[in-house]
Amino acid sequence: LAFGGFGNAPYAQKTTTDKWNGTNWTVVNPMNLGRLYAGGTGQSNTAALVFGGDGGATGTTNKTEKWNGTNWTEVNVMNTTRVHISGAGTSTSALAFGGGPGIPVPLKASTESWNGTNWTTVNSLGTARYGMGGSGLNNTSALAFGGTQDPPQLGLTESWNGSNWTAVGDLSTPRFDPGSGGNSPAT
């Protein structure tokens, strides 16, 4: 799925959702809240989660929406409102980490775990930053990599074991807002 973002005129946060079928993109039902700089994760084009971000006129948000393959439904909100947030996992077991209540400062190191119903605040990243790449299968195994403290761009990588973040080998090239995919530990 591709969802949200900031499009061409009129310049506004988008609610648009596009679904990939292996060959083509098709516009499907939109999100309830248009947003950019949101976190998102999911295991397929039939199950996803979007959280946080900039909702335009509504400002930075902590709202969460869950995709069931047909529609987005608002579910329980995150504990910390933020933008440029990163995520990993699935629509039933996810992590949200980093970001900020507004860019460029103050930065957040906070992490929240999603159990399919609620967000729970858990141990924070070792280094506060935003615009990281994130990958992982669930809320017990993930990687956070790259990002920025505006400046500098960072190559830092941290691994989540279900309880704590641990610094591991850095990216070869520091970068901000990297694309990401795969699972931890073999991302």
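The values are calculated or read from the model by the stated rules, or taken from the named source; none is laboratory data. Remember, predicted model here, so these are calculated numbers, not experimental data. FYI the Cβ positions are ideal-geometry reconstructions off the backbone, even for glycines, and counts take in every protein chain you see. Each accessible area value is taken on the protein alone, full model and side chains, heavy atoms only, with ligands, DNA and RNA left out. Shrake-Rupley method; radii C 1.70, N 1.55, O 1.52, S 1.80 Å.
Residue-wise test of (1) at pLDDT 90 or above; (2) surrounded by fewer than 12 Cβ atoms within 10 Å (Cβ to Cβ).
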position: THR16; (1), (2): yes, no
position: THR23; (1), (2): yes, yes
position: GLY40; (1), (2): yes, no
position: GLN43; (1), (2): no, no
position: LEU49; (1), (2): yes, no
position: GLY55; (1), (2): no, no
position: THR60; (1), (2): no, no
position: MET78; (1), (2): yes, no
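Taking first residues from the range 38-53 that are over 11 Å from LEU95 (Cα atoms) and partners that are of a type in the set (Asp, Glu) and open to solvent by 30 Å² or more (accessible area, probe 1.4 Å), the Cβ contacts under 9 Å between residues at least 6 apart in sequence or on separate chains come to ALA38/ASP54.
In the range 113-126, the residues that are open to solvent by less than 70 Å² (accessible area, probe 1.4 Å) reach residues that are assigned to a loop (DSSP other than H, G, I, E, B) and hydrophobic (A, V, I, L, M, F, W, C) with C-beta atoms within less than 7 angstrom, at least six apart or across chains, in these pairs: TRP119/MET78; SER124/ALA109; LEU125/ALA109. The residue of the range 63-76 that is most open to solvent (accessible area, probe 1.4 Å), among those that are closer than 28 Å to ALA128 by Cβ and among the β-branched types (Val, Ile, Thr), is VAL75.
With respect to the stated conditions, ASN139 fails to be open to solvent by 60 Å² or more (accessible area, probe 1.4 Å) and under 15 Å from LEU95 (Cα atoms). Among the residues of the range 145-187, just one is acidic (Asp, Glu), at pLDDT 85 or above and surrounded by fewer than 18 Cβ atoms within 10 Å (Cβ to Cβ), namely ASP170.
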